[in-house]
Amino acid sequence: NAQVGAQEARSAMSVQRRDAVERKRQELLRAVQRLAQRAIFGTASSTLRCCGNEGCRCHHGGPKHGPHVYVSYRDRAAGKTAGYYVPQAVQEQILDGLAAWQELQQRLRELAELNKGRALQPVLRSGS
């Protein structure tokens, strides 16, 4: 009788764990969908530059112009790194999209781990 009670307790804990994992999966799927709406692939960098006006302060030890933001990314079709200038008017949106891409990658890794565990669960339970 004690053995049956212990088995029922393990079974209930297993169901609770499975439910918690499924809730986490659903949460990750929602996050992936939300992040995918604004994700932008690439890496941002910023530079300070001298302008074309020889009389400007930037040519005489004064502060340079900028920062100017650029995004670089790997263009697989061309087989090389490509990039583009980000106009100041959309810098916040582009930087947010780049951050969303990074977060999306992390969430997908977490989801992949849960999916792996779920796929292996029947094998682990049977002891095969």
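The values are calculated or read from the model by the stated rules, or taken from the named source; none is laboratory data. What you see is a predicted model; the values in this text were computed from it and never measured. Cβ coordinates were reconstructed from backbone atoms using ideal geometry, including for glycine residues, and neighbour counts include every protein chain displayed. When the accessible area is computed, the model is the full protein with side chains, heavy atoms only, and any ligands, DNA or RNA have been set aside. Shrake-Rupley method; radii C 1.70, N 1.55, O 1.52, S 1.80 Å.
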Point to revise | Solvent exposure, largest accessible area first (probe 1.4 Å, DNA, RNA and ligands not counted), of Leu114, Leu108 | key: Leu108, Leu114
Review point. Of the heavy-atom accessible surface of the chain (probe 1.4 angstrom), what whole percent is carbon and sulfur?
Key: 53 percent
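Once the cut-off is 13 Å, how many percent of the Cα-Cα pairs in segment 18-86 end up in the long-distance tail?
Numbers: 1785 of 2346 pairs.
Percent of Cα pairs beyond 13 Å in segment 18-86: 76.
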Review point. Using the per-residue mean of other Cβ atoms lying within 10 Å as a proxy for protection, in what order, highest first, do the peptides 91-101, 50-60 fall?
Key: 91-101, 50-60
Study note, to complete from the structure: Quotient of Cα radius of gyration and Kirkwood radius for the chain, i.e. Rg/Rh, equals 1.32
Exercise for review: Just the Kirkwood number for segment 15-57, please: inverse of mean 1/r across all distinct Cα pairs, in Å, one decimal.
Suggested key: 15.0 Å
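In debye, nearest 20, what is the charge dipole magnitude of the chain about its Cα centre with +1 on Lys and Arg Cβ and -1 on Asp and Glu Cβ, if you could check?
That gives a dipole near 320 debye.
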Review point. Using θ = phi - 60° and the Karplus form 6.51 cos²θ - 1.76 cosθ + 1.60, what ³J(HN,Hα) does each residue of segment 73-89 get, whole Hz, x for Gly and Pro?
Key: 7, 8, 8, 5, 5, 8, x, 8, 7, 10, x, 7, 7, 10, x, 4, 4
Check your understanding: So what's segment 53-108 giving for Cα Rg divided by 2.2 N^0.38 Å, two decimals?
Key -> 1.61
Check your understanding: By a straight-distance test (C-alpha under 19 Å), which lysines pair with Lys24 as possible cross-link partners, with residues fewer than eight away in the same chain excluded?
Key -> Lys116
Practice item. With runs of 4+ DSSP H residues as the only contributors, calculate the mean residue ellipticity of the chain at 222 nm using -39,500 (n - 2.57) per run, divided by the residue total and rounded to the nearest 500. Key: -20500 deg cm²/dmol
